[in-house]
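Below you'll find the structure, written out as structure tokens, and then a few comments.
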Amino acid sequence: MNQTSADTLDRNPDQNPDKIHARQRILDAALAEFTRRGYAKACTLAIATRARVSKRDLYALVGKKEDMLLACIRERAQRFRLPANLPEPTDRTILEKLLATFGTRLLHEVTDPAVIALFRLAIAEATRAPEVAQTLNGVGRGSSRAILGELLKQARDAALVEGDTTEQVESFLALLWGNLMLDLLLGTSERPDETALAQRARHASDAFLRLYPAPDRPPTQK
């Protein structure tokens with residue numbers, strides 16, 4: 001992704017509600033067109049027609065096709081963030097609750113049918129358009145891993161867990177997901193309801209803390 005593309009995504013259509021709504025229609029239309037025709041075959045004219053905008057407005061509000069894909073993924077990735085008012089982990093009870101909160105949020109967002117469609121698109125286009133998978137992996141999955149990694153780094157500095165943070169990120173995500181993502185991608189399982197997702201996150205948090213007990217050392221001084 002070049003700097004021009006990134007700059008295009010970072011521009012905000014002014015606060016004109018019509019432009020904001022038009023941009024959202026473009027992103028919805030782009031995702032629908034990508035899913036129906038594949039990223040390589042999707043054309044901007046069809047996206048503009050579906051979104052009920054001109055091609056000029058499409059490029060002004062979002063950008064070219066690559067920008068539309070990245071915007072769709074970034075929009076979802078931003079939802080992974082933990083609420084700003086959550087406390088830092090100062091004991092393992094708080095850490096468990098934070099992990100459960102993060103896990104529930106991640107499961108809720110990623111199991112959304114629109115996100116599952118993006119993953120299916122990335123798999124289908126892996127050979128013809130590898131940038132789809134690269135974007136989804138770098139922006140979408142990378143965002144959630146960075147947030148979780150920061151939380152676990154805080155926990156390590158507070159002497160609540162010990163070990164390699166990168167390994168812990170992968171361990172927690174493995175406990176959280178199990179086979180659920182594969183089942184959803186294959187269409188062999190229904191999306192769990194909110195209660196089931198929250199319960200899954202709590203079980204993953206509990207299992208994670210049993211896998212990584214507290215070290216016998218004082219916390220790192222800041």
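About the centre of its Cα atoms, the chain shows a dipole size close to 780 debye [charges on the beta carbon of Lys, Arg (+1) and Asp, Glu (-1) only; nearest 20 debye].
How high is the FRET efficiency from Glu167 to Gln24, r the C-beta distance, R0 41 Å, rounded to 0.05? Could the numbers behind the result be given before it?
Working: r = 39 Å, r/R0 = 0.94.
The pair Glu167/Gln24 has a calculated efficiency of 0.60.
Rounded to whole numbers, the Karplus 3J(HN,Hα) couplings from phi for the stretch 33-38 are 6, 4, 5, 6, 10, x Hz, using 6.51 cos²θ - 1.76 cosθ + 1.60 with θ = phi - 60°, and x at Gly and Pro.
For Thr127, the accessible area of its heavy atoms, probed at 1.4 Å with every protein chain present, is near 130 square angstrom. Placing unit charges on each Cβ (+1 for Lys and Arg, -1 for Asp and Glu) gives the stretch 156-201 a dipole about its Cα centre, and among Leu180, Thr195, Ala158 the Cα reaching farthest toward its positive end belongs to Thr195.
Per-residue surface analysis assigns Ile94 an accessible area of about 40 Å², computed on protein heavy atoms at 1.4 Å probe radius. Apolar share of the accessible surface for the chain: 51 percent from carbon plus sulfur atoms, 1.4 Å probe.
Excluding the sites themselves, what is the longest stretch of the chain that contains no GluC sites (Glu not before Pro) in a DSSP loop with at most 15 other C-beta atoms within 10 Å? Can you show the working numbers first?
Values: sites that count: Glu162, Glu190.
Free of exposed loop sites, the longest segment is 1-161.
Loop-located trypsin sites (Lys or Arg not before Pro) in the stretch 95-139 (DSSP state other than H, G, I, E, B) with a sparse environment of at most 14 neighbouring Cβ atoms within 10 Å: Arg128.
When the helices in the chain are scored as -39500 (n - 2.57) per DSSP H run of 4 or longer and the sum is shared across all residues, what 222 nm value do you end up with, to the nearest 500 deg cm²/dmol? Write down the numbers at each step before the final one.
Values: 12 runs with 148 residues, N = 222.
So the calculated ellipticity at 222 nm is -21000 deg cm²/dmol.
The values are calculated or read from the model by the stated rules, or taken from the named source; none is laboratory data. Everything numeric here is computed off the predicted structure, so don't read it as measured data. Cβ atoms come from the backbone with ideal geometry, glycine included; neighbour counts cover every protein chain shown. Note: areas computed on protein heavy atoms with side chains; ligands, DNA, RNA excluded. Shrake-Rupley method; radii C 1.70, N 1.55, O 1.52, S 1.80 Å.
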